[in-house]
Amino acid sequence: MKSIMLTVVSLMLLPLAACAQSGADFSGTWVANVAESEPAVDTNYWFGRIPNVVPGQPNLRVEQDGDTISVYEEARVLTRYDYPAVYVADGKAHSVTSSNTGMAQETVTTSWDEAALTIETVKPWGGMPGNITLHSKEVWRLSSDGNKLSITTTHSSPAKELSYTRVYNRE
Amino acid sequence: MTSNKISRRNAFKGALAAGAAGLAAAALPKAYAQQGAADAAALPRQVGLPNVWGEDFLFQWSPPENVARDLSVGDAVIRLSSSNERFGRLMNVEGTDYASQFSAWRTAGWSACEASSNQWLSRKMPASEVAEVKAQLRANDIVFYGLHCGGNIIGPGAVAEQSQRHVIDAINAVAEMEGKLVLTHAGGLHPNRNVAHPQNWSRDAWMKSVNALKRICRDTAGIDVKIPIEAVNSESVNNPWAQKRLIEDVGDPRVGVGLDLTNFVFPGFAFRTTELLNLTFDMLGEHITYVHAKDLVWNEMMAGLNWALQGTGLIDYETFLARVSRLQRPEIYMLIEFLVEDEQYVQAQRNVRSIANQLGVKIYGTQA
């Protein structure tokens, strides 16, 4: 009986152990390294009649408090760093309302995989009800010296899969 | 919160008293009010989606919270067709290997096809070739359902007469091919009907469209070919109310609707497509002869509505496909169109099939 209890307790502690392994520290300000980056695909706009890549590459500021990671993108026009995205790296699926439209629910799962941080989002494309399902996956990795951040993003839909990597230098 | 349900009764009730916002307009011309009461009572008088936050508020372009979405599925099976001239649109070209062509289309998931009237009528196809086309369509289980006439039946000068004659010729050609329909448009007063003319929404322009269609119907009386009208934003028929009224004013049972929801959309509808779809299907119902599958986004400072890949834009594709499947007939033809590259037709079909599959809507055949 005791051994069963120990097993159960051990299993319950596994997620905490996984968190404890999250050694990477992404906190800080990250300056876009455009030369080493690929253009980001804008998932709201698709077609060749208009550019379907996100213009420019905003800098990032990351705050990391344990497994809570807040990501601020440099706003292009107004105040800097004013729209944070907050991720909880607990490996659990969190339901959030689409920030783009407020009209659909997204499921966000953030987890550590050794030194990499993985953020997976499942949502209706464009945040509108009735659309195809978009699976997005971001993998964050630090260089060995901790001064370079690469984020590889993959968008998967029934139509196709799109992938690109953006690179940032620590300020 | 106000009711989210849009029924035909709700859409029409209250007539002039109810519509203050959006397109709405409320701007019905005086002439309408001066019509005979019996005539007016039978026709749609209010246009625009119902208000969301009461009549004393501004443009109500945002959708209500928690719009009711009935995604129940019907029995109609969708046959997909493509407007890609290199793969999926039937072309009248001498020497075509129809057996190989149709086999490739079916493998790619296209089980129906149409042709452009201009191209189709540009060559008189020999009777032996007509027979060959029909035989290969049957052998590959593909339906040729009709022609699309992009002319301008109320255009200035000789354009109107030429276009009307062209539609009449197209109807005869479709009958020869044992097709089902000829799609055309209400037209506009500018020579190019895709360019909006300021008087397109006048009573005079409306009557020109009605009379042109009456003439086409009269000159093709007895031919069992439907004449669905496709809305276009630059023309008077650019909303479901106008579609309904045109059917009533022309008064020929062959005139119906070639439903293209993106051609109804102005900014006030852009984020309310679930409601617009439900209202449209409630109002037009079985008048919908066949459907176009497109999508759109609003991505510019001006009212810049642009086409998007099917299933990625503002059209509620789940509601769209569910409502199509609930039409009361065994098969519906759905044209996937207005894409830029060949590969995008493949991607669009994948999206449409994926959404349909999740809902349980039946799409004929499979996509390789």
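The values are calculated or read from the model by the stated rules, or taken from the named source; none is laboratory data. Model, not experiment: these values are computed from the prediction. Virtual Cβ from ideal backbone geometry, glycine too; neighbours counted across all protein chains shown.
Return the pair list, or none, for Cβ contacts closer than 7 Å from residues in segment A:147-163 that are within 14 Å of chain B (Cβ to nearest Cβ) and more than 23 Å from B:Glu341 (Cβ to Cβ) to residues that are of a type in the set (Lys, Arg) and surrounded by fewer than 18 Cβ atoms within 10 Å (Cβ to Cβ), at least 6 apart or on different chains.
From segment A:147-163, no pairs qualify.
Give the residue that is farthest from B:Gly146 (Cα to Cα), with candidates limited to residues of segment B:245-280 that are in contact with a strand residue (DSSP E or B) (Cβ under 7 Å, 6 or more places away or on another chain) and within 14 Å of another protein chain (Cβ to nearest Cβ).
Out of the qualifying residues, it is B:Ala270.
Only one of B:Gly365, B:Gly311, B:Gly360 is in contact with a Phe, Trp or Tyr (Cβ under 6 Å, 6 or more places away or on another chain) and either in contact (Cβ under 8 Å) with a residue 40 or more places away in the chain or farther than 17 Å from B:Trp110 by Cα (or both); which? Steps first, answer last, please.
On the way: B:Gly365 fails: in contact with a Phe, Trp or Tyr (Cβ under 6 Å, 6 or more places away or on another chain); B:Gly360 fails: in contact with a Phe, Trp or Tyr (Cβ under 6 Å, 6 or more places away or on another chain).
Just a single option satisfies the conditions, and that option is B:Gly311.
Kindly check whether there is at least one residue in segment A:115-131 that is within 25 Å of A:Ser37 (Cα to Cα), more than 14 Å from chain B (Cβ to nearest Cβ), of a type outside the set (Lys, Arg) and not in a strand (DSSP E or B).
Yes - at least one qualifying residue is present in segment A:115-131.
Please pick out the residue among A:Pro55, A:Pro51 that is at pLDDT 65 or above, in a loop (DSSP other than H, G, I, E, B), within 14 Å of chain B (Cβ to nearest Cβ) and more than 25 Å from A:Ser111 (Cβ to Cβ). Please lay out each step first, then the result.
Values: A:Pro51 fails: at pLDDT 65 or above.
Just a single option satisfies the conditions, and that option is A:Pro55.
For B:Leu16, indicate whether it is exposed (fewer than 14 other Cβ atoms within 10 Å of the Cβ), at pLDDT below 50 and either closer than 21 Å to B:Asn278 by Cβ or in contact with a helix residue (DSSP H, G or I) (Cβ under 9 Å, 6 or more places away or on another chain) (or both).
Numbers: exposed (fewer than 14 other Cβ atoms within 10 Å of the Cβ): yes; at pLDDT below 50: yes; either closer than 21 Å to B:Asn278 by Cβ or in contact with a helix residue (DSSP H, G or I) (Cβ under 9 Å, 6 or more places away or on another chain) (or both): yes.
So B:Leu16 passes the test.
Would you pick out the residues in segment B:335-347 that are part of a helix (DSSP H, G or I) and more than 7 Å from chain A (Cβ to nearest Cβ)? Break it down stepwise before answering.
From segment B:335-347, those part of a helix (DSSP H, G or I) are B:342-347; that's our starting set.
Correct list: B:Asp342, B:Glu343, B:Gln344, B:Tyr345, B:Val346.
Picking from B:Leu284, B:Leu327, which residue would you name as being surrounded by fewer than 24 Cβ atoms within 10 Å (Cβ to Cβ), in contact with a Lys or Arg (Cβ under 9 Å, 6 or more places away or on another chain) and of a type in the set (A, V, I, L, M)? Outline the logic, then answer.
Details: B:Leu327 fails: in contact with a Lys or Arg (Cβ under 9 Å, 6 or more places away or on another chain).
When all the criteria are applied, what remains is B:Leu284.
Of the residues that sit in segment B:299-312 and are more than 7 Å from chain A (Cβ to nearest Cβ) and surrounded by 20 or more Cβ atoms within 10 Å (Cβ to Cβ), which one is farthest from B:Phe338 (Cα to Cα)? Full working, then the answer.
So the first thing to find is which residues in segment B:299-312 are more than 7 Å from chain A (Cβ to nearest Cβ), and the list is B:300-305, B:310.
With surrounded by 20 or more Cβ atoms within 10 Å (Cβ to Cβ) added as a condition, the list becomes B:305, B:310.
Working: B:Leu305: 14, B:Gln310: 10 Å.
Once the filter is applied, the top-ranked residue is B:Leu305.
Can you pull out every residue in segment B:50-88 that is surrounded by fewer than 18 Cβ atoms within 10 Å (Cβ to Cβ), closer than 20 Å to B:Gly360 by Cα and charged (D, E, K, R)?
Hits for segment B:50-88 are B:Arg69, B:Asp70, B:Asp75.
What is the number of the single condition among (1) surrounded by fewer than 17 Cβ atoms within 10 Å (Cβ to Cβ); (2) in contact with a helix residue (DSSP H, G or I) (Cβ under 7 Å, 6 or more places away or on another chain); (3) not charged (D, E, K, R) that A:Val167 does not meet?
(1)
Can you confirm whether segment B:343-354 contains a residue that is in contact with a helix residue (DSSP H, G or I) (Cβ under 9 Å, 6 or more places away or on another chain), surrounded by fewer than 20 Cβ atoms within 10 Å (Cβ to Cβ) and over 14 Å from B:Tyr290 (Cβ atoms)? Show your work before the answer.
Keep residues of segment B:343-354 that are in contact with a helix residue (DSSP H, G or I) (Cβ under 9 Å, 6 or more places away or on another chain), which gives B:351-352.
Of the ones still in play, those that are also surrounded by fewer than 20 Cβ atoms within 10 Å (Cβ to Cβ) are none.
No.
When segment A:91-114 is examined, which residues are found to be under 24 Å from A:Gly146 (Cα atoms), assigned to a loop (DSSP other than H, G, I, E, B) and charged (D, E, K, R)?
A:Glu114, the sole residue that qualifies.
List the helices (runs of 4 or more DSSP H) inside segment B:89-173, counting only whole elements, that have at least 3 residues being surrounded by fewer than 19 Cβ atoms within 10 Å (Cβ to Cβ), out of contact with any Cys (no Cβ under 9 Å at 6 or more places or on another chain) and not assigned by TED's automatic domain parsing to the domain that holds B:Arg215.
Answer list for segment B:89-173: none.
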